[in-house]
Amino acid sequence: MDRRTFIHHGFFACAALMTTSLLNSCASAAPLAATMEGDDLVLAPGAFTAADGTQKSSVVVSNDSLKRPIAVFRDPSGSYHAVLMRCTHRGAELRLTGDRFDCPAHGSAFDAQGAVLKGPASSPLRVLPVREQDGRLRISLKA
């Protein structure tokens, strides 16, 4: 193989590797499965612990009985809050990117507390109460 071909192949191999890494970093993690107990969605202990042992500041959870997933945030104070990932404009499922929700349908954006950052949505997201009980997080869907 001559030098020119070697450099050409090396360039494309590096480009493919970087593109794959970039796409993997942009992909959102699959929601964690949570169980239903009465009107509560229950997260198992360790839901905020990543595979490498680090602590996450948020997780997305779902259950077959829910139409949309729920994002649960651990605040710096150690308390928790949950936000239904359903756009208040037309009901589309939101994407969580860092500490912001984005609507792929019409471009609305919301902060981690559910407040509208950008329209066309004009109403905040539904925030659900979270409590700790017996080492598990319980999200009340009744509220």
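FYI, it's all coordinate maths here, none of it is from the lab. Keep in mind that this is a model prediction, so the values were computed, not measured. When we count neighbours, we look across all protein chains shown, and the Cβ atoms used for this are built from the backbone with ideal geometry, even at glycine.
Quick one: net charge around GLN133, please, counting Lys, Arg +1 and Asp, Glu -1 for every other residue with C-beta under 14 Å from its C-beta.
Residues near GLN133 contribute -2 overall.
Taking the Cβ of PRO104 as the center, what net charge do the other residues with Cβ under 15 Å away carry, scoring Lys and Arg +1 and Asp and Glu -1? Net charge around PRO104: +4. Hey, which aspartates and glutamates would be in cross-link range of LYS56, C-alpha to C-alpha under 19 Å, not counting anything within fewer than 8 residues on its own chain? The qualifying aspartates and glutamates are ASP75, ASP99, ASP111, GLU132. For LYS142, a cut-off of 19 angstrom between C-alpha atoms picks up these lysines, skipping any fewer than 8 places away in its own chain: LYS67. Segment 32-140: D in µm²/s via Stokes-Einstein (Kirkwood Rh, Cα pairs, 20 °C, 1.002 mPa s)? The calculation lands on 150 µm²/s. Whole-Hz Karplus values for segment 33-47 come out as 7, 10, 9, 9, 9, x, 9, 10, 9, 10, 9, 5, x, x, 4 Hz, taken residue by residue from phi with 6.51 cos²θ - 1.76 cosθ + 1.60 and θ = phi - 60°; glycine and proline positions read x.
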